[in-house]
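The values are calculated or read from the model by the stated rules, or taken from the named source; none is laboratory data. Bear in mind the structure is a predicted one, so any value in this text is a computation, not a measurement. As a convention, Cβ positions derive from the backbone with ideal geometry for all residues, glycine included, and neighbour counts pool all protein chains shown.
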Amino acid sequence: MKPKKIKITPKNLPPSDKQMEDRSATGNRTNRETGRSKLIIRTKNDGYQQLKEENENISESYQKFRRNALIIGAVLLLGLVAISVAWMWGPDNDPLIDNTDTSTYRYGFDLAPYQIHKDIVEDGQGMTDILMAYNVPTTKIPEIQQLAEPVMDIQSLQGRSMVTVLTSETNNQTEYIIYEPNKFEYTVFDLRDTLRVYRIEREVDIRLSTASAIIDSALWKTILDENLHYDLIGKMEEALQWSVDFYHLEPGDRFKLVYESVYADGEAADIRELKAIYFQTKSGAHEAYYYTNGQTRGFFDEKARPMKRGFLQSPVKYARISSPFNLKRKHPVLQKVKPHLGTDYAAPEGTPILAVADGVVSIATFKKNNGNYVKIRHDKTYETQYLHMSKFAPGIKRGVKVKQGEVIGLVGSTGLASGPHVCFRFWKNGQQVDHRAEKLPAPNPLPDQLASQFLGMKDSLELKLASIGYN
């Protein structure tokens, strides 16, 4: 399977910062954070003849016509110059490949004397495919395979990883192939007279980073718009899933983060621990701080109480509330006012339904109006109920113990339902209540000795959060 070739020759390597500054007057805009240069050219489409036809019957506009023609001529000339510069300097713009590196020194040697080709490895490709695609003599391949055996498995490369190929400017022969399975290591295939294969681990360091944003429509979109690491969403949910309903955020909700970034050879490569989070929603402010002493670990609030509560905020991920708890709701099927003693979460049929807390299944059956439903007793005070399931999860039956977050069934529309959803009902002392308005008991804080350690750490992170502004 031959990989797609994307060629970058030394003459069109990206310009240096100094060159970019010198060209700034011609309409270039440089994003200093990424090093990517984007040329913006705006010219009028009105040609000389069109302007002449528009003005030939208006003698008073002759001077205006001349000015317009001169302006257009100047803009076209600048445009041609800018396009020429872009052709000479602009790298390929394949969205899968980052060609923004302005340095010619990489992988331990100078890239300037070489033609540079970058490939994306396809699923199922081996290094032999890459070697043959770049005309490495077949007589060399057995020796390369033997040299590579202690270093890596060349027959099974990681799909969508990067391969950089360096070919000689003088004879067009492939001299190096660099395989990068991730951002933390690479393997060099030296294909010159003396064959060598060696693996390099990049130097890694951890830095404390901050971020903030105001949500416009959805959390995931905000994360992408702010160029933040997508894994932050999971870490935010891990910290606040018992306090914030992440699937029903509203525009204007906002957050601040302090987290660890992983850098490889000075370049951002990954994220590690979320250290602190502040999240403001319509229901109020929520904050959490990560703490570990080797034995105890997790997120705690500002009073050293565990963030992990007895109940999740929602039994379904990625769902919308189609009908809240309402004592005067008009029933969508019966078309008459009837108290709605639950909260409806609309989701595609088959979406997993989660137990919001540890407990024991007391009912798992079918009923005319409820359809397939499960009821769970959590303790002497609280029970929860999940209606209209398409089916139960395997093993869910009366008497079975379930854990918080365990799948107990799938969203459906069985029983008296107008579409796929789960009607979630929350019982307190035998009465149905609105779980979103219920003030549930907070867990006990850390023991005094651990609490004092935590609070000292928390104070510094709290100051860090307070110093973060919103863009």
### Query
If you scan the stretch 134-174, which residues turn out to be closer than 17 Å to residue 187 by Cβ, out of contact with any Leu (no Cβ under 8 Å at 6 or more places or on another chain) and in a helix (DSSP H, G or I)?
145, 146, 148
### Every residue from the stretch 380-408 that is in contact (Cβ under 8 Å) with a residue 24 or more places away in the chain, surrounded by fewer than 14 Cβ atoms within 10 Å (Cβ to Cβ) and more than 21 Å from residue 317 (Cβ to Cβ)
381, 397, 398, 399, 401
### Looking only at the stretch 212-222, and only at residues there that are more than 14 Å from the chain's Cα centre (by Cα) and aliphatic (A, V, I, L, M), the one that is surrounded by the most Cβ atoms within 10 Å (Cβ to Cβ)
215
### Summary
Scanning the stretch 409-436 for residues that are in contact (Cβ under 8 Å) with a residue 12 or more places away in the chain and of a type in the set (Gly, Ala, Ser) gives 409, 412, 413, 415, 417, 418, 419
### Task
Could you please give the count of residues in the stretch 331-350 that are of a type in the set (Val, Ile, Thr) and buried (at least 18 other Cβ atoms within 10 Å of the Cβ)?
1
### Message
With the condition being in contact (Cβ under 8 Å) with a residue 24 or more places away in the chain and over 25 Å from residue 449 (Cα atoms), I'd like the strands (runs of 3 or more DSSP E) fully within the stretch 206-307 carrying at least 1 qualifying residues.
### Response
254-264, 267-281
### Message
Cβ-Cβ under 6 Å, sequence separation 6+ or interchain: first residue in the stretch 358-371 and touching a residue at least 40 places away in the same chain (Cβ under 8 Å), partner basic (Lys, Arg) and part of a strand (DSSP E or B). Which pairs?
### Response
359/377; 360/377; 360/401
### Query
Does residue 353 satisfy being part of a strand (DSSP E or B), among the β-branched types (Val, Ile, Thr) and either surrounded by fewer than 20 Cβ atoms within 10 Å (Cβ to Cβ) or in contact with a helix residue (DSSP H, G or I) (Cβ under 6 Å, 6 or more places away or on another chain) (or both)?
no
### Message
I need the full set of residues from the stretch 236-254 which are over 16 Å from the mean Cα position of the chain (by Cα) and closer than 18 Å to residue 462 by Cα, in order please.
### Response
239, 240, 254
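Would you mind listing the strands (runs of 3 or more DSSP E) fully within the stretch 372-471 where at least 1 residues are among the aromatic types (Phe, Trp, Tyr) and modelled with pLDDT of 95 or more?
Details: elements: 382-392, 407-411, 421-428, 431-433.
By residue number, 382-392, 421-428.
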## Note on the structure
Per the filter on the stretch 122-157, residues under 30 Å from the mean Cα position of the chain (by Cα) and exposed (fewer than 14 other Cβ atoms within 10 Å of the Cβ) are 123, 124, 153, 156
#### Entry: In the stretch 177-190, residue surrounded by the most Cβ atoms within 10 Å (Cβ to Cβ) [restricted to those that are in contact (Cβ under 8 Å) with a residue 60 or more places away in the chain and closer than 21 Å to residue 140 by Cβ]
189
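With respect to residue 174, determine if the residue is more than 24 Å from the chain's Cα centre (by Cα) and either surrounded by 14 or more Cβ atoms within 10 Å (Cβ to Cβ) or at pLDDT 95 or above (or both).
Working: more than 24 Å from the chain's Cα centre (by Cα): yes; either surrounded by 14 or more Cβ atoms within 10 Å (Cβ to Cβ) or at pLDDT 95 or above (or both): yes.
Yes; evaluated as a whole, the condition is true for this residue.
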### Task
Only residues that are within 14 Å of residue 146 (Cα to Cα) and either out of contact with any Ser or Thr (no Cβ under 9 Å at 6 or more places or on another chain) or not hydrophobic (A, V, I, L, M, F, W, C) (or both): list them for the stretch 195-206, please.
195, 196, 198
